[in-house]
Amino acid sequence: MNIKPDITSEASGLTGRFGLYGGRFAPETLMQPLMELESSYLAVRTDIGFQKELDNLLKLYAGRPTPLYYASRLSEHLGGAKIYLKREDLLHTGAHKINNCLGQALLAKRMGKRRIIAETGAGQHGVASATVSALLDFQCVVYMGEVDMARQRLNVFRMRLLGAEVRAVTAGSRTLKEAISEAMRDWVTNVEDSYYLLGSVLGPHPYPLMVRDFQRVIGQEARQQIMAAEGRLPDRLVACVGGGSNAIGLFYEFLNDESVAMTGVEAGGRGFELGQHASRFHGGSPGVLHGAYTYILQDDMGQISTTHSVSAGLDYAAVGPEHAMLGDLKRAEYTARTDAEALEACRLLSRMEGIIPALESSHAIAEVIERAPSAKGQVFIVNLSGRGDKDMEILERELKL
Amino acid sequence: MPTRIVECWNKLHQQGEKAFIGFVMAGDPDIPRSIDVVLALAEAKTDIIELGIPFSEPIADGPVIQRAGERALKNGVNLPLILDMVRQIRKKSDVPLLLFSYLNPILRYGLERFAKDTVACGADGALITDLSVEEADPFVTQMRLNNLDTVFLVAPTSTDERIKRAAELSTGFLYAVSRTGVTGTREQLSDTVTPLLRRLRAFTTLPVGVGFGISRPEHLAQLTPMVDGVVVGSALVRCIEDHQENPALHVAQMVRWLREGFTANSTSKGKSSSANMA
């Protein structure tokens, strides 16, 4: 790679590029709307009034700051590193997704839009989108793959209760990939009055930049909290990576701190055969999906592969372009944990700490279970990005307690 | 040396005629029948044929073209097979062929290799739906080196500046999207098309083809005074879907029926649209 991006600079991603990755690959109809979105976002990015309004909602409505909790029993049990959990699971709606949804919905309001379109995999972003739409009086349409609707049934009902329309997507693998395609088709058709509220650090510029900015608060808080608790920086950050919004939210504030290692955990699914996992860094290669150049899972002919994960939120063929850059630069490392490891991690955290993590976040816990024992004297921060309430049906079936 | 596409427009202009441009998905429902379809379209006076390359995530397409892509992919159709299909078509027909694709299959194949193999098999150019003008330079460079046409889209949402850039990067013709939305047939033409076509003329002397939602002779009749050509996609693809046993026969009939729209509007005959708009 001949371009060495300045990852530590405030400007990273401002032009839509993260090293070689990112960009804006979209049908012409969406290009001008994307540029308008970019300029509207860049205007509020430095607007004190906007940021104040957002901070206020994050605090009083969503429940920020979230605690950084020392998981003493888990740490003792694993017998190595001290493990801290960043409790995004305690936020309103049960996951970090609300941080981004509040930010983008406020922006949509400023842009004069009346209707919100969103996609969802696990349903957490859909629920958060439906929630902010109720709060700020938007019409809301959420696209969700049929497979995901079945496995995250409770979240479908939550969205409907909140007044959103959930539209089933029946194409292809009927998961997040197809839901995003369908949401983009809706947007291209209703671009005049609709705002596309993309839920992760994916898609064409400015989404990867904007969503990362709205999730930065996780790392900003965690940095202060760990300094208060330990008087020093952590040795390692761990977060699961689907699109990668909770991971980049935690990582971003520490990118300057060379002593802080970062591990993103992808879904290893059932094994390393294409179609059986969602590990873009291990089975993927650079390509363009849904508007960005990044690591994607594809076959020899450039067709996008189907993916598998027990967690709907990690079950996607592309990773956020900023992660692709951080991976190339070896600033962060990306590993994968299987369905079975994630399920076991979910059970262990529930028993040790009385905290039931979402299956997505359970992948991060699984990584810690592997690493902590040999990391005596180190401090880990794990992003507990969501709670497991939505996964009860899957857990009941898989864990057979 | 001008491409077949450019020669085709020159000839049509001299004769004072409009271009009928047809889109079909390559390899739908399979390669042999797809070759028959293309030859039948050419026979029925389809002036330029757009050959779709199937992609698993067709974000700009409506259900009809999505299903066509799924049928082709299910039959194992891919870019090398499509290039070979073009080679076979070229043994029998000189109809101008424009490959129509999403970016990723072409990126995976390699831009340089794609351009070389496209010209070698006898296709005349390519249009990439999700390749914005900002990202297009490497693609355009390779295509120019091989004397291939590059067609870009302009939409009702495009600013004047974007239209200008798309016109600069396009050769062969400029493709005007009649309305916001995905591909698919409509009863009525969009009212966004006329203002867009008016704006275009300030930025280009290229022929302009308009597409999206055109499915009836009346649409052709309405549009011909304003454009150089019309593109019909979903209506043809739907016809193939409905008559998979012998699609060639039926698409040829459909083209003849649609082309009646050209003659219905005899006042536009004999004048170039550029002259009309000027």
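Miscellaneous remarks
- Yes/no for B:P32 being under 19 Å from B:G184 (Cα atoms) and either open to solvent by 10 Å² or more (accessible area, probe 1.4 Å) or modelled with pLDDT of 95 or more (or both): no
- Of all residues in the range B:170-188, those satisfying the criterion of being of a type outside the set (S, T, N, Q) and away from chain A (no Cβ under 12 Å) are B:G172, B:F173, B:E187.
- From the options A:R347, A:R351, A:R387, residue that is of a type outside the set (D, E), surrounded by fewer than 24 Cβ atoms within 10 Å (Cβ to Cβ) and closer than 23 Å to A:E221 by Cα: A:R387
- For the criterion of being open to solvent by 10 Å² or more (accessible area, probe 1.4 Å), more than 21 Å from A:L359 (Cα to Cα), in contact with a Leu (Cβ under 6 Å, 6 or more places away or on another chain) and among the small types (G, A, S), A:G284 passes.
- Failed criterion for B:D94 (all others in (1) over 28 Å from B:P195 (Cβ atoms); (2) part of a loop (DSSP other than H, G, I, E, B); (3) out of contact with any Lys or Arg (no Cβ under 7 Å at 6 or more places or on another chain) hold): (3)
- For the range A:92-139, the set of residues classified as in a strand (DSSP E or B) and either open to solvent by 10 Å² or more (accessible area, probe 1.4 Å) or not hydrophobic (A, V, I, L, M, F, W, C) (or both) consists of A:R115, A:E119, A:T120, A:Q139, listed by residue number.
- Scanning the range A:373-400 for residues that are assigned to a strand (DSSP E or B), of a type outside the set (G, A, S) and more than 15 Å from A:P234 (Cβ to Cβ) returns a single hit, A:R387.
- Which listed residue, of A:R387, A:R397, is within 17 Å of the chain's Cα centre (by Cα) and either at pLDDT below 95 or under 24 Å from A:V156 (Cβ atoms) (or both): A:R387
- The conditions of being more than 14 Å from every other protein chain (Cβ to nearest Cβ), closer than 16 Å to A:F25 by Cβ, in contact (Cβ under 8 Å) with a residue 12 or more places away in the chain and touching an Asp or Glu at 6+ places or on another chain (Cβ under 8 Å) are not met by B:A166.
- Tally, over the range B:195-240, of residues that are in a helix (DSSP H, G or I) and in contact with a helix residue (DSSP H, G or I) (Cβ under 9 Å, 6 or more places away or on another chain): 19
- Of all residues in the range A:307-324, none satisfies being within 14 Å of another protein chain (Cβ to nearest Cβ), among the β-branched types (V, I, T) and surrounded by fewer than 24 Cβ atoms within 10 Å (Cβ to Cβ).
- Residue in the range A:9-31 that is more than 20 Å from the chain's Cα centre (by Cα), more than 14 Å from chain B (Cβ to nearest Cβ) and modelled with pLDDT of 95 or more present: no
- Selected residue (criterion: nearest to B:G184 (Cα to Cα)) from residues of the range B:239-258 that are touching a residue at least 60 places away in the same chain (Cβ under 8 Å) and among the aliphatic types (A, V, I, L, M): B:I240
Here is a yes/no grid of residues against (1) over 17 Å from the mean Cα position of the chain (by Cα); (2) of a type in the set (D, E, K, R); (3) under 22 Å from A:R64 (Cβ atoms); (4) at pLDDT 95 or above:
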residue: A:F214; (1), (2), (3), (4): no, no, yes, yes
residue: A:I218; (1), (2), (3), (4): no, no, yes, yes
residue: A:E230; (1), (2), (3), (4): yes, yes, yes, yes
residue: A:L233; (1), (2), (3), (4): yes, no, yes, yes
residue: A:A239; (1), (2), (3), (4): no, no, yes, yes
residue: A:N256; (1), (2), (3), (4): yes, no, no, no
residue: A:V265; (1), (2), (3), (4): no, no, no, yes
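- Only one entry of B:P105, B:P2, B:P80 meets the criterion of being open to solvent by 10 Å² or more (accessible area, probe 1.4 Å), part of a helix (DSSP H, G or I) and on the phi < 0 side of the Ramachandran plot, and that entry is B:P80.
- Looking only at the range B:36-88, and only at residues there that are more than 15 Å from B:P105 (Cβ to Cβ) and among the polar types (S, T, N, Q), the one that is nearest to the other protein chains (Cβ to nearest Cβ): B:Q66
- Annotation: of all residues in the range B:54-68 being of a type outside the set (D, E) and not in a helix (DSSP H, G or I), the one that is farthest from A:I180 (Cα to Cα) is B:P54.
- When A:G271, A:G275 are screened for being away from chain B (no Cβ under 14 Å), in a loop (DSSP other than H, G, I, E, B) and out of contact with any Gly (no Cβ under 7 Å at 6 or more places or on another chain), only A:G271 passes.
The values are calculated or read from the model by the stated rules, or taken from the named source; none is laboratory data. A quick note: this is a predicted structure, and the numbers were derived from the prediction, not measured. Neighbour counts are summed over all protein chains in view; Cβ atoms, including those assigned to glycine, are modelled from backbone coordinates with ideal geometry. Heads up: the accessible areas ignore ligands, DNA and RNA and are worked out on the full protein's heavy atoms, side chains in. Shrake-Rupley method; radii C 1.70, N 1.55, O 1.52, S 1.80 Å.
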